[in-house]
1. Assuming a strict under-26 Å limit between Cα atoms, what lysine pair count do you get for the chain once near-sequence pairs (fewer than 8 apart, same chain) are dropped?
2. Taking the Cα atoms of the chain alone, what are Rg (to one decimal) and Dmax (as a whole number) in Å?
3. Give the relative contact order (percent, whole number) for the chain; include only Cα pairs under 8 Å separated by 6+ residues.
4. Once neighbouring chains are kept in place and the probe is 1.4 Å, which whole percent of the accessible area of the chain is contributed by carbon and sulfur?
5. Given a 1.4 Å probe, how much area per residue of the range 18-111 is accessible, in Å²?
6. Kindly report, to the nearest 10 Å², the accessible surface of residue 61 as traced by a 1.4 Å probe over protein heavy atoms only.
7. Pick from 24, 40, 49 the residue whose mean-square fluctuation is largest in a GNM of the chain, springs joining Cα atoms under 10 Å.
8. Between residue 112 and residue 43, what is the label-point separation in nm under the 7 Å Cα-to-beta-carbon projection?
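The values are calculated or read from the model by the stated rules, or taken from the named source; none is laboratory data. Predicted model only: the values in this text are computed from it and were never measured. For neighbour counting, all protein chains shown are included, and Cβ atoms are generated from backbone atoms with ideal geometry for every residue, glycine included. SASA here: full protein model, heavy atoms, side chains in, ligands and nucleic acids out. Shrake-Rupley method; radii C 1.70, N 1.55, O 1.52, S 1.80 Å.
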Amino acid sequence: QVQLVESGGGLVQAGGSLRLSCAASGRISSINLMAWHRQAPGKQRELVAGINSIRMTQYADSVKGRFTISRDKAKNTVDLQMNSLKPEDTGVYYCYSRSPDGQQGYWGQGTQVTVSS
């Protein structure tokens, strides 16, 4: 089992910045990919950014150039720096981890991000 705990959400004005952090515990050795997803009201959950064990990254087109994902393997954390935030970035942000074989995935409880116009 892997436990994921997010922090850093909140309310910010458009154009502002927030930094989300996710701390992993438990069977850390079973983690390959770590990622951030988000879910806006009435919409499906979507991938925002991901980073694997060799720090290859992937971003949704809507956040490229504004968001940066980083990972500290020693601390078992993954952060999401969000700059130039827009109202459409509003949603619940979830941390996610996946095992190397893709068979085991875990979710955090989510943290709310609200961007006001």
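1. Values: 43/64; 43/86; 64/73; 64/75; 64/86.
Here the count comes out as 5.
2. Cα only, the chain: 13.5, 42 Å (Rg, Dmax).
3. Details: 286 pairs, mean separation 42.4, N = 117.
In percent, rounded to a whole number, it is 36.
4. Carbon with sulfur: 47 percent of the solvent-accessible area.
5. Numbers: 4910 Å² over 94 residues.
That works out to 52 Å² for each residue.
6. Counting only protein heavy atoms, residue 61 exposes about 130 Å² to solvent.
7. It is 40.
8. 1.8 nm
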